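Trainee: Dumping the structure here so I can ask a few things about it.
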Amino acid sequence: MHIAPRKHTPTEDAQPPFCAGRKLSAIDKALLWKLLHADPACPTRALLDKVAHMQRTLAVSVRHLNRLRATWQHNRRKGRPRHVAGSPAAGGALVQGTPHLSYVGVHLLAHGLDQQEAFEPVVARLQQAIAAHKSAHPADNVALLHQRDQTLRRRFEALLLAPLFGIEHLTAFDTHEPPLQTRLGRGYHRTTLSPFLGQLERIDAAAALLPALVPDKTSRITYVDGHMLAYGSRTSMHKGKITMLGRIMAGSHAVIAQDDTGHAVCGEYHPPDIHLSQVIVAYGQKVALATGSARFVIDRAVNSLAMACAFAQQGFGLRCMLDDNEHDGLASFVTTEVAILADGTRVYSGPWQEARPADPRDFVSVEPAAGKTLGYWGTPQVKDT
C-alpha cells in the first residue's frame with residue numbers, strides 16, 4: 001500500500017553539521033540555527049537585530065542569510081509578517097485591555113452634552129408645555145403631568161441616545177439591553193418609553209420642543225467642505241489620495257454642510273476616490289430640501305464651469321474660490337471697484353475680459369495692500385443674495 005510522505009516540520013530536523021565558511025564561523029551558524037529553530041517565521045532583518053543584541057557582529061547580507069535559511073529549510077513565506085494580537089510591539093510593550101464600559105464613545109458624547117447643559121432647555125420647554133396643558137385641561141391626569149425634571153430628562157436622553165446604541169425600534173429596548181444603567185443610573189423598556197412618547201404627543205410637546213432641537217431660522221448660506229479620513233485597516237476598502245502628501249491610502253471622503261451659525265446640517269461619507277464635484281449637485285439638492293437654504297459656499301478652488309451651470313439650472317447659488325492658474329489678476333476681468341476695506345484691501349467685481357456667453361459665473365477679485373490677488377466666482381443666485 002502506498003503511504004504519502006508526511007508534511008515536513010522544522011521541529012523534526014536534527015541539528016545539521018556546522019562547518020566554518022568564508023564569512024561565518026561554525027559558532028555563528030550554530031547561533032543562527034538556534035534562533036531560527038526557536039522562531040522559524042522570524043524575518044531575516046529581525047534575526048540580525050537579535051544577533052546584534054547578543055554583542056555579535058555578522059558581516060553578511062540579508063540575501064546570504066536567506067540562502068542559508070533555504071539550505072536549512074527554515075525560510076519563511078514572502079510578504080510582511082503579521083503581528084499577532086497581544087505580541088510586544090517594536091520599541092515598547094503592547095498593552096491590550098478590555099474596557100469595562102460598553103459604547104465608550106456614546107458615554108463621552110453624553111458627558112460633553114452634560115458639560116454644555118444641552119438638556120436643560122429641553123426640560124424647561126417640556127415643563128412649559130406641561131403647565132400650558134394643565135391650565136387648558138385641568139381635569140386631565142396623565143403621568144407626564146406629575147413627573148420631575150430628573151425623570152423627564154432621563155427618559156428624553158434614553159430616546160435621544162437610542163440610535164447611537166443601534167436601536168431603531170422601541171421593542172429593541174427589551175432585546176438589546178443598551179447600557180443605560182451606566183449612563184442614566186437605570187434602564188428603560190418599551191413599556192415605559194412608549195407611553196412617554198404618547199403622552200408627549202397628547203400635550204403637543206412638539207411645538208414647544210422644536211425651537212430647542214432645530215434652529216429657529218433658516219440659514220441664508222450653507223458652507224460645504226470635504227474631509228479626507230484615512231483608515232488603518234486590513235479590510236479591503238476603497239483607496240484614494242489622502243493627507244497633505246497625497247498618499248494612496250484606504251479611507252473615506254466626508255462631505256459636511258454647516259449653517260452660518262456653525263451647526264452641522266448634513267453629513268455624507270463617500271469613497272476617497274470620488275471627487276467632490278461628482279456628488280456636490282445631488283448633495284446640494286438634499287440639503288436644500290431638508291433646510292430650505294439654497295445658497296452654498298465651498299471655500300476651495302473649484303474651476304468647473306459644468307458645476308456652475310448645474311447649480312444655476314437647479315436655482316441654487318454657489319460661491320467658490322478661483323484657482324490662481326485660471327486668471328492673471330485684475331487684467332483677466334472687466335473690473336468695477338466695489339469697496340475699499342479698512343486695511344486697504346480693494347474689492348472688485350465683473351465678468352471675464354473676453355466675453356464667454358456660456359459662462360454664467362460672476363467674479364470678485366480681492367487685491368490686498370501686499371500680496372497676490374485672490375479670485376472668487378459665484379452663480380447669479382449668489383450675486384442676487
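The values are calculated or read from the model by the stated rules, or taken from the named source; none is laboratory data. Nothing here was measured: the structure is a model prediction, and the numbers come from that model. Because the Cβ atoms are built from the backbone with ideal geometry, glycine has one as well, and the counts that use them run over all protein chains shown. Protein only, heavy atoms only, side chains kept; ligands, DNA and RNA dropped before computing areas. Shrake-Rupley method; radii C 1.70, N 1.55, O 1.52, S 1.80 Å.
Trainee: Among 332, 377, 180, whose Cα lies farthest out toward the positive end of the dipole of the chain, if unit charges sit on the beta carbon of Lys, Arg (+1) and Asp, Glu (-1)?
Mentor: Highest projection toward the positive end goes to 180.
Trainee: Can you give the local net charge around residue 374? Use residues other than it whose beta-carbon is closer than 10 angstrom to its beta-carbon, Lys and Arg +1, Asp and Glu -1. Write down the numbers at each step before the final one.
Mentor: Values: positive: 372; negative: 324, 367.
Neighbour charge sum, excluding residue 374 itself: -1.
Trainee: About its Cα centre, what dipole magnitude does the chain give when the only charges are +1 on Lys and Arg Cβ and -1 on Asp and Glu Cβ, stated in debye to the nearest 20? Let's see the in-between values first.
Mentor: Working: 42 positive and 34 negative charges, 598 e Å.
The calculated dipole for the chain is roughly 2880 debye.
Trainee: If you don't mind, another one. Please name which of 341, 353, 317 has its Cα lying farthest along the dipole of the range 314-353 towards the positive end, using unit charges on Cβ (Lys, Arg +1; Asp, Glu -1) and the Cα centre as origin.
Mentor: Positive-end residue among those listed: 317.
Trainee: Taking the 0 to 90 degree range and rounding to the nearest ten, how far is the long axis of helix 62-72 tilted relative to the main principal axis of the chain, both from C-alpha atoms?
Mentor: So the helix axis and the longest Cα principal axis differ by about 60 degrees.
Trainee: Could you work out what % of the accessible surface of the chain is carbon and sulfur, using a 1.4 angstrom probe and leaving DNA, RNA and ligands out of the count? Show your work: numbers first, answer last.
Mentor: Working: 13560 of 24870 Å².
Roughly 55 percent of what the probe reaches on the chain is carbon or sulfur.
Trainee: Just checking my list [x] 26.6, 93; [y] 21.2, 68; [z] 33.6, 105 against Rg and Dmax of the Cα atoms in Å computed from this structure; which label fits?
Mentor: [z]
Trainee: Applying a 10 Å radius around every beta-carbon, put 309-319, 330-340 in order of their mean neighbour count, most first.
Mentor: Working: 309-319: 18.9, 330-340: 13.8.
Ranked by mean Cβ neighbours within 10 Å, highest first: 309-319, 330-340.
Trainee: Test of understanding: in a Gaussian network model of the chain with alpha carbons linked when under 10 Å, which of 66, 325, 141 would top the mean-square fluctuation ranking?
Mentor: 66
Trainee: Moving on. For the chain, find the longest principal axis of its Cα atoms and tell me its angle to the long axis of helix 190-202, 0 to 90°, nearest 10.
Mentor: Here the helix axis deviates by roughly 20 degrees.
Trainee: Quick one: of 286/383; 241/372; 50/239, which pairs are farther than 30 Å apart, Cα to Cα? Don't skip to the end; give the middle numbers.
Mentor: On the way: 286/383 22 Å; 241/372 28 Å; 50/239 36 Å.
In this structure, 50/239 exceed 30 Å between Cα atoms.
Trainee: Between the helical axis of 120-136 and the dominant principal axis of the chain, each derived from Cα atoms, what acute angle in degrees is found, rounded to the nearest 10?
Mentor: 40
Trainee: In Å², and per residue, what accessible area does the chain have when probed at 1.4 Å with the other protein chains present?
Mentor: Numbers: 24870 Å² over 385 residues.
Accessible area per residue, the chain: 65 Å².
Trainee: Another question about this same structure. For n ≥ 4 DSSP H runs only, could you compute -39500 (n - 2.57) per run for the chain, divide by its residues and tell me the 222 nm figure to the nearest 500?
Mentor: Working: 13 runs with 134 residues, N = 385.
Dividing the helical sum by the residues of the chain leaves -10500 deg cm²/dmol.
Trainee: Identify all aspartates and glutamates with a Cα-Cα distance to residue 34 below 15 Å; exclude those on the same chain that are fewer than 8 residues away in sequence.
Mentor: 12, 13, 49
Trainee: Another one. Run the quick spin-label model on residue 323 and residue 359: label points 7 Å from Cα toward the beta carbon, then report their separation in nm to one decimal.
Mentor: For residue 323 paired with residue 359, the spin-label model returns 1.4 nm.
Trainee: Still on this structure, please answer the following. How far apart, in nanometres, would the label points at residue 169 and residue 140 be if each is projected 7 angstrom from Cα along the Cα-to-Cβ direction?
Mentor: Those two pseudo-labels are separated by 2.9 nm.
Trainee: Same structure again: Rounded to whole Å, give me the distance from the Cα center of the range 110-133 to that of the range 173-216.
Mentor: Measuring centre to centre over Cα atoms gives 12 Å.
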